[in-house]
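Structure first, then comments.
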Amino acid sequence: MKKLYKYLLYILPLALIFSYFPVISLGSNETMNFELSLPLLWLVVFDVISLVMVCKKYRKELFTKVFGSVLWWLFPLFALVSVCWSLNVTRGILTVGVMWALFFAVVFLWDLRKNLDDKFWKVFWRWFFGSALFACLWCVVQCILDVSGVSQEASLLCDGCVYQMFGFPHPNGFAIEPQFMGNLLLAPIMVVATIFCQSSSRVAVAHRHGYGALILALPRSVISQIWQKTSGLLLFVFLSTLFLTFSRGAIYACVVGLVVMLIFVRPKLKQIFITLGIFAAAFLFTLNLQGVLTASSPTSDTYVDGVAKVLNHLSLGIIDVRGGEKVPEGSGETTPVEPVENSEAPVENSIYSGYVEESTDTRVRLASAAIEIWHQDFKTALVGVGVGGAGQALYNNGFSPAPKEIVQNEYAEILLETGVIGISLFALIVILAIRVMLKNRKFAGLLIALLAAYGVTLLFFSGLPNALNIVLIPALLVLL
C-alpha cells in the first residue's frame, strides 16, 4: 500500500498534464457536461488510499491529529451548506464533491510532510520535469501536425486553436484549452526560475538551499558544472512553450509570478538580467516560430502577418507594427482568395487579423454581470445563489444564452455563488496558506510566486476540474 501511495505521488505531474485528454464522457444536461478526466480519477484514488492509511494510523485521533484547525474547513463547509439554496443542485453537488476531494487531498499530503525523504524527491523531480518536457514536445508536434493538414481528431487541437484562427496554431496540449496548458507550465517555470536565480558555482551552497534534487537528481560531483546551464535551458524551453500557447492569462500570470519570485529570492543583479534575457529570448524565439508557422500554413498570411498578429493580440491591440488601418476581422468562416494561375487549390483567409476584443469583452461582461446579480438583493449579497448556480443565475437574468455559460472569473463566481460570507472565508484560506508558505524559509519565494501566478490566472477562468494543479502542486511543494 505504501509503495502504491508513493507511485501515485510520482505520477501526479504526468496525470495533471492529461487534464482533459483522454476524457470519459458520461453525457450532459442543459446546464453542464458530465465528464471524467485522469486528474479527477487520480484524485479519487489518492483520497481513498489516503483515508484508509490515515484511519489505520491514527484511529480515534483522526480529526485532532490530521484535520487540524477548523479555520481551514469553514469555506468548504459553507460551500456544502450553500447547495441547499443552489439554483443548480446537481452542478452544486458535483462542484462541492470536487472541492472536498481537493481539501482532503491537501490534508493527507500535509500529514506526509515528515515521511517524504530525499529519495522520494529525487524520483519526483524526474517525473515533474520529465512530464513538463513531454508536454512541451507535444505542443510543438501539435503545431506541426496542424499546419500539415492533420485532422483535429489526431492533433487534439481545440476548435479555437487551429491555424484558421490567426494563420498559426496555438496548442492546447492535452488540456481543454491553451490557457489551461499554459497554466500547467507555471509551476515548472517558477521552480526552474527559482533554481536559476539561486544557482551557485559552489555545490555546498546548492545543497544547503535544498535545490540539489531539483536539478533532475544529478550526482553531487556534476551539479557545479551544469547547474546554471541546465536550469537556464529548462527555463527557456518552458517559457517558449508558454508563449506558443498564446494564452494571455497564463503569460500575464507568469510575468507577475516571476516578478514576485525575484522580489522574494533577491538574486544577484547579474542573475536578474540573465533571467530577463532568457525571458526575452524565449519570446523572440516563439515569435519567429509563430511567423514561420503562419507562412507555412495554407492561409494567405505571411511571416510578417503572423508576427504582427501576435504582438497586436498580446498587447490588447496597442502594438500594431503593420501601421495604417487594421484589417477587419473575419466573419467566422474561411473564404477563398482569387486563385493564382496554375495553383492547385484556393488559399484560405484566417479569421482574425490581430487582437480579438471579443475575448476580453466577454470576460469583462460576464464578471460585471455576476457582480450585478450578486448585489441585486440582500440574501444574494450575503450568501449568494449557491455553489453551482452561477450559470443558471446568468441565464435567468438574461446575461447569457444558455445555463452552461460560466463566469470565466473565479473570484466573481465565488462572490456570486457564496456571497460576502463565502468570499471572506475563501480569503481566509488564502491568508492561512500564505502563512504556511512563509514559514518554509527555503522555498517561500517559490511558493508565494506560484500562488501569485495562480491568483492571476483565476481572473481568466472559473471552475477547478480542468485546473486541479492550482491546488495540488502548491500543496505538494509546501512539503519541501
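The values are calculated or read from the model by the stated rules, or taken from the named source; none is laboratory data. As the structure is a computational prediction, the values presented were derived from the model and not from experiment. With ideal geometry, Cβ positions are generated from the backbone for all residues, glycine too; neighbour counts draw on all protein chains shown. These area figures cover heavy atoms from the full protein model, side chains too; ligands, DNA and RNA do not enter into them. Shrake-Rupley method; radii C 1.70, N 1.55, O 1.52, S 1.80 Å.
Of all the numbered requirements in (1) in a helix (DSSP H, G or I); (2) small (G, A, S); (3) open to solvent by 30 Å² or more (accessible area, probe 1.4 Å), G149 misses one, and that requirement is (1). Evaluating E417 against the criteria (1) closer than 17 Å to F78 by Cα; (2) of a type in the set (D, E); (3) not in a helix (DSSP H, G or I) leaves one unmet condition, (3). The single condition among (1) crowded, with 24+ Cβ neighbours inside 10 Å; (2) modelled with pLDDT under 95; (3) within 20 Å of V123 (Cβ to Cβ); (4) not charged (D, E, K, R) that A187 does not meet is (2). Among the residues of the range 1-52, those that are of a type in the set (V, I, T) and within 18 Å of L102 (Cα to Cα) comprise I11, I17, V44, V45, V48, I49, V52.
Would you pick out the residues in the range 162-178 that are under 12 Å from F246 (Cβ atoms), open to solvent by 10 Å² or more (accessible area, probe 1.4 Å) and within 15 Å of the chain's Cα centre (by Cα)? The answer is E177, P178. Quick check: is even one residue across the range 416-427 in contact with a Gly (Cβ under 9 Å, 6 or more places away or on another chain), at pLDDT 95 or above and surrounded by fewer than 14 Cβ atoms within 10 Å (Cβ to Cβ)? Taking every residue of the range 416-427 in turn, none turns out to be in contact with a Gly (Cβ under 9 Å, 6 or more places away or on another chain), at pLDDT 95 or above and surrounded by fewer than 14 Cβ atoms within 10 Å (Cβ to Cβ). Filtered by the rule that a residue be buried (at least 19 other Cβ atoms within 10 Å of the Cβ) and assigned to a helix (DSSP H, G or I), the range 77-91 gives F78, A79, S82, V83, R91.
The single condition among (1) farther than 30 Å from V260 by Cβ; (2) open to solvent by 30 Å² or more (accessible area, probe 1.4 Å); (3) part of a loop (DSSP other than H, G, I, E, B) that Y395 does not satisfy is (3). Quick check on the range 290-303: of everything there that is open to solvent by 40 Å² or more (accessible area, probe 1.4 Å) and in contact with a helix residue (DSSP H, G or I) (Cβ under 7 Å, 6 or more places away or on another chain), which residue is farthest from T241 (Cα to Cα)? My answer is T302. Residues being modelled with pLDDT of 95 or more, among the aromatic types (F, W, Y) and at negative phi are represented in the range 137-146 by at least one member. Exactly one residue out of K379, K442, K404 is among the basic types (K, R) and in contact with a His (Cβ under 8 Å, 6 or more places away or on another chain): that is K442.
Going through (1) of a type in the set (S, T, Y); (2) assigned to a helix (DSSP H, G or I); (3) at pLDDT 90 or above; (4) open to solvent by less than 30 Å² (accessible area, probe 1.4 Å) one by one, Y5 falls short only on (3). I'd like to check something: does the range 173-183 contain any residue that is assigned to a helix (DSSP H, G or I) and small (G, A, S)? Within the range 173-183 (the criterion being assigned to a helix (DSSP H, G or I) and small (G, A, S)), the answer is yes, since at least one residue qualifies.
A467 fulfils the conditions (1) closer than 30 Å to F124 by Cα; (2) in a helix (DSSP H, G or I); (3) open to solvent by less than 20 Å² (accessible area, probe 1.4 Å) except for a single criterion, (2). Screening the candidates S69, S82 for the property of being over 30 Å from F238 (Cβ atoms) and touching a Gly at 6+ places or on another chain (Cβ under 6 Å) yields one hit, S82.
Condition test on S155, is it touching a residue at least 12 places away in the same chain (Cβ under 8 Å) and of a type in the set (S, T, Y)? Spelling it out, S155 is indeed touching a residue at least 12 places away in the same chain (Cβ under 8 Å) and of a type in the set (S, T, Y). With the structure loaded, tell me whether K404 is surrounded by fewer than 22 Cβ atoms within 10 Å (Cβ to Cβ), of a type outside the set (D, E) and either in contact (Cβ under 8 Å) with a residue 40 or more places away in the chain or at positive phi (or both) or whether it fails that test. Yes; evaluated as a whole, the condition is true for this residue. Of all residues in the range 231-247, exactly one satisfies the criterion of being free of Cβ contacts under 8 Å to residues at least 40 places away in the same chain and either within 12 Å of P188 (Cα to Cα) or open to solvent by less than 10 Å² (accessible area, probe 1.4 Å) (or both), namely S231.
Residues in the range 92-124 that are buried (at least 18 other Cβ atoms within 10 Å of the Cβ) and either among the aromatic types (F, W, Y) or in contact with a His (Cβ under 7 Å, 6 or more places away or on another chain) (or both): F103, F104, F108, W121, F124. Would it be correct to say that F273 is in contact with a helix residue (DSSP H, G or I) (Cβ under 8 Å, 6 or more places away or on another chain) and either open to solvent by 40 Å² or more (accessible area, probe 1.4 Å) or at pLDDT 75 or above (or both)? So F273 fails the test.
Restrict the check to the range 423-432 and report whether at least one residue is more than 29 Å from L12 (Cβ to Cβ) and in contact (Cβ under 8 Å) with a residue 40 or more places away in the chain. Checked the range 423-432: no residue is more than 29 Å from L12 (Cβ to Cβ) and in contact (Cβ under 8 Å) with a residue 40 or more places away in the chain. In the range 356-366, the condition of being crowded, with 19+ Cβ neighbours inside 10 Å and of a type in the set (S, T, N, Q) is met by no residue.
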